[in-house]
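Engineer: What follows is a structure written as structure tokens; I'll ask about it next.
None of the figures in this text is laboratory data; all of them are computed from the coordinates on show. The structure displayed is predicted, hence computed values, not measured ones. Because the Cβ atoms are built from the backbone with ideal geometry, glycine has one as well, and the counts that use them run over all protein chains shown.
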Amino acid sequence: MNYFVKGNPDLCIGCRTCMIGCVVAHEGKHIFEVDPDSYSFNPKLHMVKTARLSVPVQCKHCENPACMAVCPAGAISQKDHCIVIDTDKCMGCKSCMDACPFGAINMTVQTGKFQADGSEKKVANKCDLCYGLPGGPACVRVCPTEALTLVTEEKLGEAMEHKRMEAARNTYRETHPQE
Amino acid sequence: MGIPEIEDAGCLLCFGYNGADSHPIVARRIVRGKQKGMKIICADPRVTETARISDIHLQLKGGSNLALVNAMANVIWNEGLADTRFIEEHTKGFDEFLKVIEKYTPEYAEPITHIPADEIRRAARMYATTKPAMILYGMGVCQFTQAVDVVKGLANLALMTGNFGGPSMGIGPVRGQNNVQGACDMGALPNSYPGYQNVTVPEIREKFEKAWGVPLSDQVGCPITHVPHRILHEKDEKKRIHAYYIFGEDPAQSDPDLAEVREALDKCDFVVMQDIYMNKTGLYADVILPATAWGENEGIYTCADRGFQRVRKLIEPEGDMRPDWKIIADISTAMGYPMNYRNTEEIWNEMIDLCPSFTGATYEKIEKYGGVQWPCRDKSMEDRGTPYLHKDGIFATKDHKALFYGTDWHPPVELENDQYPMTLSTVREVGHYSVRTMTGNCRTLRNLEDEPGWVQMNTQDCEKMRLKKGELVKILSKRGYCITRCLPTDRVKPGATYMTYQWWIGACNELTTAKLDPISNTPEYKYCACRVEKIQDQEWAERHVRELYDDIRAQMGIDTGKGAEA
């Protein structure tokens, strides 16, 4: 099963530390040493705020990903519990962006690479659960209120077990209202 | 009370305080408290992150604070929810206070606050019946012309419910700047020496004269917010200010009515600026003294809960800069009063020996316990300070009784009118701290938000004016204007606008009013009348903003080689 990161709006304070953590994890610490305008700031998750809700939104790492199905370049694949984009293969057609029902994919500039017309190369960008980076998803690690969780098969299993237990108890209560 | 105790309160009344944007680390305590079952009442005109998770959100009309606070007191008394024993044993002035709040029924307050009377009742009941109850208040209380009255009003609520002197209760000012508490503790106020010792008391003055070996003035000094007036309009030549030494502050960005501030800095004969980066005030300075930043300094900060904490140096400063204390010592020496401190501990030791309520807070003790809350009077390691200022209901007055203090609500100074039909309140945003001297130079924070900033407006108002998210708009008041981006949001009420005050281009203090609270001398940053205008030619506006930004950066000598992203 693919894993995914889930935000809890009851804990989130909308501070966007997760977005910075994401960029630093993927770009590397060298961004603190180069010209501030020379790297691209491409967080792979986005803070959403409505009247009564604050929570970051990112890729769900679907089991049957619409993005993967529509990609004509074969740039999207499943690897170690997550769905990742191979930016070298990505041709920037935006089909995945269009197909994703969660708005989890955007197009970003790849610093230092250029496309046919000479402008900087644009590729699809989305959460990769910090694939290949040590320590697991950076957003989960940096969140000051622990509002983000990496949902694994095991964690999901435990949660389902707990919910079934509650459901069973409720069934008992419904049939024995006097107790 | 201490900051860590927030999460163990039964009920938190969060009044004009937006923790998530001002102090995310304090906000974490609020979130944790909620998880532990704490009830939250949030009084704020906006849907803040705290309002979002609150049990009751009192979305009051800006500028109606005291009407709401008095109405809550009215309900608590009339519904028999007051702690009459505490009032009798530990307080004075309750009968006079009752006379003031008598007329503040929830129905009376409803049209002023725009909160339904029953919501006020519900909030008053929740606050009075859930123990222990804690109050946190922020700049949404302090930055009004009626500010001190509201602080006293909130203290009245805590007094009449017996919420003083124990864990997770009381009333906590959560400050506007880090170490505001420390600055006040150290006597950076016009009326006191360190340790809140009044400059007008002869014995105190004599004590400091003896310690420092110089004659000292017995007059109260000039509040910072009076400076522009004292430079520009003071008739008495002897009282006129000719020199202004500013450090760690950027009045040309953070003070209200910037046009007046600029005029004052311009007319002032001599301006010294001491800071870690160039800022707007620096453009008016005759002398600039480069200082070290937080990671290059050592010393002591005081937290909002009166806790002294050590700050340690991480790295050695590089280049031609010095810590503030060394600069001050050198200036003083050059002016004929030699200061020869070898380190900050020597300064600290001199200070605590002159301040009875700080005497016991030695470096050693602060180091050992991680922090010491004053008063701490004895140097022995047994005196660990005072977590509860009014423990067991014993107050710092002559007869140890607390005083009720009731006043009538009055509206803000500048109300909406035909020409300026909306209101402006200055606020904070989480990524950028204060005047952006620090965070504006932090690249990833600049990546998240950069010039010219945003004006938060209700979506209905935006629809009426056909304004879209990100569109540049002109916002004006009687005093000036600026250009910023429109941010439509349902978190603010129609008719109200909110801007953060750190942007050089979207500088909302061009608009704010310099009217002050008569006691604290704090300006009414949270209320003035304004108007938003649509800019038809957006391309011109984008270009104009970029030019303005490049121009400021060029004036400041910032390398604009790669061009600025406006």
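Engineer: With the structure loaded, tell me whether B:Glu89 is within 22 Å of B:Asn65 (Cα to Cα), surrounded by fewer than 17 Cβ atoms within 10 Å (Cβ to Cβ) and acidic (Asp, Glu) or whether it fails that test.
Structural biologist: So B:Glu89 does not fit the description; no.
Engineer: Now a separate question. Scan region B:17-42 for residues that are in contact (Cβ under 8 Å) with a residue 60 or more places away in the chain, touching a Gly at 6+ places or on another chain (Cβ under 8 Å) and not in a helix (DSSP H, G or I) and report the count.
Structural biologist: Residues meeting the conditions: 3.
Engineer: Just need a number here: residues in region B:186-227 that are in contact with a strand residue (DSSP E or B) (Cβ under 7 Å, 6 or more places away or on another chain), of a type outside the set (A, V, I, L, M) and part of a loop (DSSP other than H, G, I, E, B).
Structural biologist: Qualifying residue count, region B:186-227: 2.
Engineer: If you scan region B:140-169, which residues turn out to be part of a loop (DSSP other than H, G, I, E, B), polar (S, T, N, Q) and closer than 22 Å to B:Ile87 by Cβ? Please lay out each step first, then the result.
Structural biologist: To start, the set of residues in region B:140-169 that are part of a loop (DSSP other than H, G, I, E, B) comprises B:143-147, B:161-169.
With polar (S, T, N, Q) added as a condition, the list becomes B:143, B:145-146, B:161, B:163, B:168.
B:Thr161, B:Asn163, B:Ser168, listed by residue number.
Engineer: Just for helices (runs of 4 or more DSSP H) wholly inside region B:306-387: which have at least 3 residues that are hydrophobic (A, V, I, L, M, F, W, C)? If you could, list the steps in order and put the result at the bottom.
Structural biologist: Working: elements: B:324-334, B:344-354, B:363-369.
Where helices (runs of 4 or more DSSP H) fall fully within region B:306-387 and carry at least 3 residues being hydrophobic (A, V, I, L, M, F, W, C), they are B:324-334, B:344-354.
Engineer: What's the total number of residues in region B:502-522 that are more than 13 Å from B:Ile224 (Cα to Cα) and hydroxyl-bearing (Ser, Thr, Tyr)?
Structural biologist: Residues that pass the stated criteria total 2.
Engineer: Output the number of the condition that B:Cys14 fails; it satisfies all remaining conditions of (1) closer than 26 Å to B:Gln502 by Cβ; (2) more than 14 Å from every other protein chain (Cβ to nearest Cβ); (3) part of a strand (DSSP E or B).
Structural biologist: Unmet for B:Cys14, out of (1) closer than 26 Å to B:Gln502 by Cβ; (2) more than 14 Å from every other protein chain (Cβ to nearest Cβ); (3) part of a strand (DSSP E or B): (2).
Engineer: For region A:140-159, how many residues are more than 14 Å from chain B (Cβ to nearest Cβ) and in a helix (DSSP H, G or I)?
Structural biologist: 9
Engineer: Do the conditions hold for B:His23, that is, is it within 14 Å of chain A (Cβ to nearest Cβ), more than 24 Å from B:Asp392 (Cα to Cα) and in contact with a strand residue (DSSP E or B) (Cβ under 7 Å, 6 or more places away or on another chain)?
Structural biologist: For B:His23, the condition - within 14 Å of chain A (Cβ to nearest Cβ), more than 24 Å from B:Asp392 (Cα to Cα) and in contact with a strand residue (DSSP E or B) (Cβ under 7 Å, 6 or more places away or on another chain) - is not met.
Engineer: Could you identify the single residue in A:Ser40, A:Ser95, A:Ser119 that is free of Cβ contacts under 8 Å to residues at least 12 places away in the same chain and among the hydroxyl-bearing types (Ser, Thr, Tyr)?
Structural biologist: Values: A:Ser40 fails: free of Cβ contacts under 8 Å to residues at least 12 places away in the same chain; A:Ser95 fails: free of Cβ contacts under 8 Å to residues at least 12 places away in the same chain.
A:Ser119 is the lone residue from the list that is free of Cβ contacts under 8 Å to residues at least 12 places away in the same chain and among the hydroxyl-bearing types (Ser, Thr, Tyr).
Engineer: Can you pull out the helices (runs of 4 or more DSSP H) entirely within region A:8-116 that have at least 3 residues that are within 14 Å of another protein chain (Cβ to nearest Cβ)?
Structural biologist: Once the helices (runs of 4 or more DSSP H) in region A:8-116 are filtered for at least 3 residues that are within 14 Å of another protein chain (Cβ to nearest Cβ), what remains is A:17-27.
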